[in-house]
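Remarks on the structure that follows.
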Amino acid sequence: MIAQFVARLADRFFERTITWKPVVRTYDELYDQSLETLESLANAGDANACFVLGDIFDQGMKCERQDRRLALEWYHKAADLGQGDALNNLGSMYQHGDGGLNVDMGKSRDYYERAAAVGCGAALNNLAHFYSNGQGGLPKNEKKALGLFKKAVRRGYANAGVALGYRYREGKGCRKSFVRSLYWYRVAEKADDPSGCYNIACLYYFGRKLPQDYARAVALLKRGDAQQHAASRSLLALAFEHGSAVERDFERALELYEMAHGADGSDYQEEIDRVLGKMGEALSDESDPEDRIADLRQMVFNPQRRFRVRALLHELGRIEGLLGETERLTPALKGQMKLTGAYAQWMVGDRACADWIDAALGIEKLNPFMMPFEEAALLHAKARLSIGVSAWRSAISTLADAEAVSRAHPHDARIAHFVIALDMGYCLHEAGDYEEARSVNRALLAQLEKSPETFDFLLARTLANLAQNEFFFERHQEVVSLYERRLALVEEMKDDEMIFSTLRDIAIASFKAGRTDEAEGFFKRRIDMADRMGHQRDILEARADLDEFLVRVRKSYTLQ
């Protein structure tokens, strides 16, 4: 306790007294210049311009793509002029084999030494690591490394402070000293180095030689998160997972773990699975596995409920394991779980639901367990998957099964009767069954018009589908009439995207119907709308459509 108290006093002192003055890089303003200006300066012998060009191509800034071979050329030109950062970057490229180079630790060390000689802080830090690890033909020398790390900090390379903090903590090249370790971590933290922030956060979060203080730790970790520091994000995720100085939030914890996972080779899959497990268990208050399945089954069909599908699948897997252990896993229960998982995945557009749907429907055939609306929903989902890959005949067959369920239960409001019919009409048209498609769409339009409820979106889609049917039969006046109804409807709905597309459709239909002036008016309205919305792509598309229309008009007059 006394040691922690003393360490806390030391840290408070360092926190108040240590300051960091960033090194001003004389070439920073060059990044605002155009590539042409930079090339002109570089060709005139400006070493910094050569380096900045190399960095731009190295990082893929201001250019179409990253080009490390071109970066290498500019770095060499800058290095020939004695530019320290270019020398350091060449050392890094030889160390890691970037830009098509073979790894050559000897050349890497040589470039680091040349860069260090002109005062490059990053090179001093890299050279220190070479001495610490005995790389590039250098003898392993921790004391030499320690001195170089200190020089790197003095030359403005803050991350070297983290290396110094680690060395004083472990006694590498020096005697162990927690206070000195803390000092160097604070130096890095004052420079807003995320690793410096993280190391101090760890000390406070876990109470290692400093009194446990979650609030201080979280404040530091948030700074690391802002810089996309993977380790900071993982520990901040742990704080949200357990509610340490923040409100417990599994969603935020999961988000942070996922952002940290894979960064710099980090693996947080175990943590991700753990949080998903906790989120899954929180989805239901029921304790009995069978009651939990029933609760989750009801949940996925409730549009008001919000949940993570992966958490649900994790929980279904856990429940299946529990039931399997006690030999209570009946076909009906397994079917309920497959139904629940299938519908949840379908609702978020995950095509992995296909196997779940087939499994649930397969169990239903042998051991019926579904409500009619559930069976209709799964059949419709299966059909939509077929539509997604243009498998029209397969979709039509499945939609017919869904329609059979729908007809058997016409008063079940939970069955999407109209949507099934809408998709059937669309699929029939795409499959070439034009007469039947028109018949289905006409019947659907009549039903929607008689319905006491309002289905504006479905009505708009049905009008468009029927217009396409009539267009095939060259009933152009009828097509115009249908699109006029659709345009009035979507304008009432204030759906800009649908208005924009309908203006094009009605313009083309009007031209086909011989109503040239009206067609031109619709094309111009579309351009005006695109201008108002300010979407450059839409503006270009609308103008191109008008130009093509005018060409067609001129051709039609020429043919006459």
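Nothing in this text is a laboratory measurement; each read-out follows from the coordinates by a stated rule. Given the structure is predicted, the values throughout are model-derived calculations rather than measurements. Note that we place each Cβ from the backbone using ideal geometry, even for glycine, and neighbour counts take in every protein chain shown.
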Excluding I363 itself, what net charge comes from residues whose Cβ is under 9 Å from its Cβ, given Lys and Arg +1 and Asp and Glu -1? +2
Around E189, what is the net charge, scoring Lys/Arg as +1 and Asp/Glu as -1 over all other residues with Cβ under 12 Å from its Cβ? 0
Quotient of Cα radius of gyration and Kirkwood radius for the chain, i.e. Rg/Rh, equals 1.11
Through the Karplus equation 6.51 cos²θ - 1.76 cosθ + 1.60, θ set to phi - 60°, convert the phi angles of the stretch 385-390 into ³J(HN,Hα) values in whole Hz; use x for Gly and Pro. 5, 5, 4, x, 10, 6
Order these peptides, 144-152, 265-273, by their mean beta-carbon neighbour count within 10 angstrom, highest first. 144-152, 265-273
Distance violations [Cα-Cα > 32 Å] among K382/K450; K143/K190; K107/K176; K140/K222; K21/K143: K107/K176; K140/K222
Using just the helices of the chain, give the 222 nm mean residue ellipticity in deg cm²/dmol: DSSP H runs with n ≥ 4 each add -39,500 (n - 2.57), and the total is spread over all residues, rounded to 500. -24000 deg cm²/dmol
What percent do you get for the relative contact order of the chain when only Cα pairs under 8 Å and 6+ apart count? 5 percent
If the only charges are +1 at each Lys and Arg Cβ and -1 at each Asp and Glu Cβ, what is the size of the charge dipole of the chain around the Cα centre, to the nearest 20 debye? 3040 debye
Rotationally averaged projected area of the stretch 98-137 (alpha carbon convex hull; nm²): 2.9 nm²
Where N is the number of residues in the stretch 2-210, Cα Rg divided by 2.2 N^0.38 Å: 1.15
Which whole-number percent is the relative contact order of the stretch 2-210 (Cα, under 8 Å, 6+ apart)? 16 percent
Restricting to DSSP loop positions (anything but H, G, I, E, B) with no more than 16 other Cβ atoms inside 10 Å of their own Cβ, which trypsin sites (Lys or Arg not before Pro) remain in the stretch 1-99? R25, K62, R65
I'd like the Kirkwood hydrodynamic radius of the stretch 380-432, using the inverse of the mean 1/r over distinct C-alpha pairs, in Å. 10.9 Å
For the stretch 234-276, what is the convex hull volume of its Cα atoms per residue in Å³? 51 Å³
Of I2, N102, G54, which is farthest along the charge dipole of the stretch 2-210 in the positive direction, counting Lys and Arg as +1 and Asp and Glu as -1 at C-beta? I2
With 0.36 nm assigned to each residue of separation and the Cα-Cα distance removed, S394 to E492 gains 31.7 nm
Lys/Arg +1, Asp/Glu -1 at C-beta; the stretch 302-437 dipole; positive extreme among S386, A400, F373: F373
